[in-house]
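The values are calculated or read from the model by the stated rules, or taken from the named source; none is laboratory data. If you're wondering where the values come from, they're calculated on a predicted model, not measured in any experiment. Glycine also receives a Cβ, built like all others from the backbone with ideal geometry; neighbour counts cover every protein chain displayed.
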Amino acid sequence: MKNNSKTFYVCLLVFWGGLNFFNSAFSEELARPDCKCPDYVFEYLGNDKFENYNRKMFNFNSKLNKYAIKPIHILWASIMPKYGMDRIKGIATNIEYPARLVSSLIQKDFETSKNETIRFFTNTTIGLGGMYDPAKHFLKIQPSNENMEQAFAKCHVKPGPYLVCPVINGTSPRNLAGKLCDAALNPSCYIATPVLAAVKAGLLVNRTSYMQPIMKMIESNYADPYDITRKLYGVENYMKCRNYDRKEVLDTAIDFIENDKELDGDNLLYEIEPELVKENSETELDTKKLTEAEIDEKHVADKGEADSGEKLSVTEIINAGDSAEDAILKAYNTKNSKLMADMLLFDYKPQNPVTDSMRTALFDLPDVDESIWAEISLWNRCFSNRIKTSSVNLYPERENYKYRYILQKGMKTSPLAIIFPSIGEGITSSHSVLLAKMFYDEGYSVIILGSAFQWEFAKSMPEDYRPGIPSQDADYLKTLTHKVIDSVQNKHKYEFNQRVVLGTSFGALTALFLADKEYKNNTLNITKYISICPPVELIYAMEQVDKTTAEWEKNPDNLKDRVAITAAKILQISQMEEKDREKIQGLPFSEYEAKLITGFIMHQKLSDLVYTIENENISDKKELYRQINNMTYQDYAQKYLLDTEYETVDDLKYVASLHSISDYLKNNDNYKIYHSINDYLTTPEQLKKLKTYTGAKSTYLDNGSHLGFLYRKEFQQELKKEISMQNSASKTTENDNEGECLASKVQKSVPAEAAASQEPVGSDNK
């Protein structure tokens, strides 16, 4: 026994020394790359010393997962309902108590050690082995996510180079060592009997199956899955090793950061309990205590525009006898006119425009994923899983373009909604799925297309295609939409009797340009265009996006901690129960943090597009990403959109704006625009000008910034009214057509042969 102990400690010592030597050999200090946008991979992981090997192994793992691992997970998720999977996951987590205990003890975090011990005995007994979590629900002891790598990090062991190993897509020598120690401390590893070994295998399959939706999201949404996987691993690993996933540590770190103190990870383990969300009482609007007139006056005044002395509102002008169009023109054509809202969001409690724009993404929207089965289960028939995926080819030398669609069940004709999402969003966009459900519930079939400014779209278009000039983008979207509609109609022998296009952000802009092209010769038979938050001037919107990306330069030395803290806050919100999340009146993000998040997301979309454009031209991935990290949206316009017709970016400002289609906006009523008067991608002057074009055909909300009002009930009800109105028109037209069909049947003069030879409406002769 003594010899075995000695052998164990000798092996441990050798292992520890080898790990430190290996990491030291590959952990050279390098200067931060000089680039316009932060290189998050370098910030967290340094140089990718084994990139060639890592990419090959990543591709191997992707194929292994697709053909071997994923089918097992699908089978398991189809046998066990989600409730059962969650219970089994709880048992597996409870068994891992020794690793969490040892890790917290090594970190000298005795409070967590105590809490984990109480949780283990409570959940093991009352919680039936960990199937349930009474410690959390009754004792209010939150779980921790400790592992041995965190203990190694506490002992100042360097992570070492980034590695991709078989089955494991993201790791490091320190992470591997931590996993080995976690396994050694897991009692299930010492199971010897065949039956118990099968149980252990089941626990492993159950646990790893939760990763499939994440892997699917990465593979389907990003042009370079390897790169985004590294980024996510780097942020998550740093966050966990700094213990930012613990609420008490996170709160302390936030306090240090906000006061510009130097962060010391060794001294962050003391408990304070500030509120998760700090409401800004200065911006809070108590609408319940104000009359309608007072509300209108306050919302106008709060926008910070100069007071012209004119007290008349649009409503007052209309009541005085003018038409709505004339009233709006009078209200907005005066020299110092004020921007006024047409719709109020009560109890909104605005924070800042950038943070407000994130609310739709982080607050719960109407649920489209309700099912007793996990997402990957064959039996999961939630709305998002009922949407089918197909593809069409526009150019033989280019890749097929994927699209999604869902048809009204048990019918052969229905109205159709076509959705164009925001910039960089593909066919799996959450906004698109949620809007699709709204249309579907109102009796529409739905087709979801990706943004024209997105890497998958670019791969399907001609090789020289460069998105960003709305008029040209609309031409390609028009061709694609024709092809997709014909494909769906021919495949299912279906007819769309009424067609509506809805776009958000950049998709809203291209939708209006498509409307301009179609209003003289409506080849697509679109009856209505719904545009939500279109940039009035695209170049200006690009400038504002670039400002969010450049926010990191204000505190480059604290970038890693600031990003990790922000990621931890997002994790906190995502892990909250729905009932608790609904109580939140705002988001726990400062304007700086919101800009970090927005900047990261928007630059990632640009990165994917440029990667797709240049991937074949630049084989060296390091050089390619050096160029990408030095490129802003304005740089993109400068490099890819200028030609003999447009020599400077200033030349693009007019053609890439709604001003260029003002004649259409003034003279047609087959569109509807929804906007927010505090959208940070527009200016009050731009919105006032747009209002003179559109009149009552645009509705301005008092809050919500850029798309940050999509989750609000007030807006959803208004949008449903617009959708229902179009559907009612569709049913009226359909009834008229049925009457015509009935009349034609009565006409005995029509030969049967001639009637039989007529092709159905919408058929494709191929």
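Confirm whether Gln747 is modelled with pLDDT of 50 or more and exposed (fewer than 12 other Cβ atoms within 10 Å of the Cβ). No; evaluated as a whole, the condition is false for this residue. Could you please let me know if Pro161 is at pLDDT 90 or above and either buried (at least 19 other Cβ atoms within 10 Å of the Cβ) or on the phi > 0 side of the Ramachandran plot (or both)? Here the answer is yes, as Pro161 does meet what is asked.
With the requirement that a residue be surrounded by 15 or more Cβ atoms within 10 Å (Cβ to Cβ) and out of contact with any Pro (no Cβ under 8 Å at 6 or more places or on another chain), what does the stretch 117-134 give you? Listed by number, the residues that qualify are Phe120, Thr124, Gly130, Met131, Tyr132, Pro134. Annotation for the stretch 690-697: no member residue is within 25 Å of the chain's Cα centre (by Cα) and assigned to a helix (DSSP H, G or I). When Cys35 is tested against (1) in a loop (DSSP other than H, G, I, E, B); (2) at pLDDT 95 or above, exactly one condition is not met: (2). Taken over the stretch 98-155, the residue count meeting the criterion of being polar (S, T, N, Q) and over 33 Å from the mean Cα position of the chain (by Cα) is 11.
If only one of Ser619, Ser590 is over 17 Å from Phe453 (Cβ atoms), at pLDDT below 90 and surrounded by 16 or more Cβ atoms within 10 Å (Cβ to Cβ), which one is it?
On the way: Ser619 fails: surrounded by 16 or more Cβ atoms within 10 Å (Cβ to Cβ).
When all the criteria are applied, what remains is Ser590.
Taken over the stretch 604-616, the residue count meeting the criterion of being at pLDDT below 95 and basic (Lys, Arg) is 0. For the stretch 203-213, indicate whether the set of residues that are more than 21 Å from Met57 (Cα to Cα) and at pLDDT below 90 is non-empty. Checking the stretch 203-213: at least one residue is more than 21 Å from Met57 (Cα to Cα) and at pLDDT below 90. Within the stretch 503-521, the presence of at least one residue that is over 30 Å from the mean Cα position of the chain (by Cα) and not charged (D, E, K, R) is confirmed. Does the stretch 551-562 contain at least one residue that is aliphatic (A, V, I, L, M) and closer than 21 Å to Met239 by Cα? Checked against the condition, which is being aliphatic (A, V, I, L, M) and closer than 21 Å to Met239 by Cα, the stretch 551-562 yields at least one hit.
Scanning the stretch 315-344 for residues that are touching an Asp or Glu at 6+ places or on another chain (Cβ under 6 Å) and modelled with pLDDT of 85 or more yields Ala341, Leu344. Considering the conditions (1) crowded, with 19+ Cβ neighbours inside 10 Å; (2) in contact (Cβ under 8 Å) with a residue 60 or more places away in the chain; (3) more than 20 Å from Lys56 (Cα to Cα), Tyr233 is excluded by exactly one of them, (3).
For the condition within 20 Å of Lys478 (Cβ to Cβ), among the small types (Gly, Ala, Ser) and touching a Pro at 6+ places or on another chain (Cβ under 8 Å), what is the one hit in Ser429, Ser390, Ser422, Ser445? Outline the logic, then answer.
On the way: Ser429 fails: within 20 Å of Lys478 (Cβ to Cβ); Ser390 fails: touching a Pro at 6+ places or on another chain (Cβ under 8 Å); Ser422 fails: touching a Pro at 6+ places or on another chain (Cβ under 8 Å).
Residue meeting the stated conditions: Ser445.
The helices (runs of 4 or more DSSP H) falling completely within the stretch 533-639 that include 3 or more residues that are in contact (Cβ under 8 Å) with a residue 24 or more places away in the chain and not assigned by TED's automatic domain parsing to the domain that holds Thr510 map to 538-549, 559-575, 591-614, 621-628, 633-636.
Residue-wise test of (1) of a type in the set (A, V, I, L, M); (2) surrounded by fewer than 16 Cβ atoms within 10 Å (Cβ to Cβ).
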{"position": "Met358", "(1), (2)": "yes, no"}
{"position": "Ala374", "(1), (2)": "yes, no"}
{"position": "Gly410", "(1), (2)": "no, yes"}
{"position": "Ile419", "(1), (2)": "yes, no"}
{"position": "Thr428", "(1), (2)": "no, no"}
{"position": "Val433", "(1), (2)": "yes, no"}
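For (1) free of Cβ contacts under 8 Å to residues at least 12 places away in the same chain; (2) farther than 20 Å from Asp245 by Cβ; (3) touching a His at 6+ places or on another chain (Cβ under 8 Å); (4) of a type in the set (Phe, Trp, Tyr), each residue gets a yes or a no:
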| site | (1), (2), (3), (4) |
| --- | --- |
| Gln142 | no, no, no, no |
| Cys155 | no, no, no, no |
| Pro173 | no, yes, no, no |
| Leu185 | no, no, no, no |
| Pro194 | yes, yes, no, no |
| Asn206 | no, yes, no, no |
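For the stretch 655-672, state whether one or more residues are in a helix (DSSP H, G or I), under 29 Å from the mean Cα position of the chain (by Cα) and crowded, with 21+ Cβ neighbours inside 10 Å. Yes.
Before we move on, is Thr527 hydroxyl-bearing (Ser, Thr, Tyr), out of contact with any helix residue (DSSP H, G or I) (no Cβ under 6 Å at 6 or more places or on another chain) and either free of Cβ contacts under 8 Å to residues at least 24 places away in the same chain or assigned by TED's automatic domain parsing to the domain that holds Ile447 (or both)? Spell out the reasoning first.
Values: hydroxyl-bearing (Ser, Thr, Tyr): yes; out of contact with any helix residue (DSSP H, G or I) (no Cβ under 6 Å at 6 or more places or on another chain): yes; either free of Cβ contacts under 8 Å to residues at least 24 places away in the same chain or assigned by TED's automatic domain parsing to the domain that holds Ile447 (or both): yes.
So Thr527 fits the description; yes.
Give the residues of the stretch 77-92 that are hydrophobic (A, V, I, L, M, F, W, C), farther than 11 Å from Ile372 by Cβ and either touching a Gly at 6+ places or on another chain (Cβ under 6 Å) or not in a helix (DSSP H, G or I) (or both), sorted by residue number. Steps first, answer last, please.
Initial filter on the stretch 77-92 (hydrophobic (A, V, I, L, M, F, W, C)): 77, 79-80, 85, 88, 91-92.
If we keep only those that are farther than 11 Å from Ile372 by Cβ as well, we get 77, 79, 88, 91-92.
Ile91 - this is the single residue of the stretch 77-92 that is hydrophobic (A, V, I, L, M, F, W, C), farther than 11 Å from Ile372 by Cβ and either touching a Gly at 6+ places or on another chain (Cβ under 6 Å) or not in a helix (DSSP H, G or I) (or both).
Taking the conditions exactly as written (under 25 Å from Ala515 (Cβ atoms), in a loop (DSSP other than H, G, I, E, B) and out of contact with any strand residue (DSSP E or B) (no Cβ under 7 Å at 6 or more places or on another chain)), does Tyr646 satisfy them or not?
Values: under 25 Å from Ala515 (Cβ atoms): yes; in a loop (DSSP other than H, G, I, E, B): yes; out of contact with any strand residue (DSSP E or B) (no Cβ under 7 Å at 6 or more places or on another chain): yes.
Yes: the conditions hold for Tyr646.
The residues of the stretch 628-648 that are surrounded by 15 or more Cβ atoms within 10 Å (Cβ to Cβ) and farther than 25 Å from Asn615 by Cα amount to a single one, Tyr646.
Tell me which residues, restricted to the stretch 118-137, are in contact (Cβ under 8 Å) with a residue 12 or more places away in the chain and outside any helix (DSSP H, G or I). Selection gives Gly127, Gly129, Gly130, Met131, Tyr132, Asp133.
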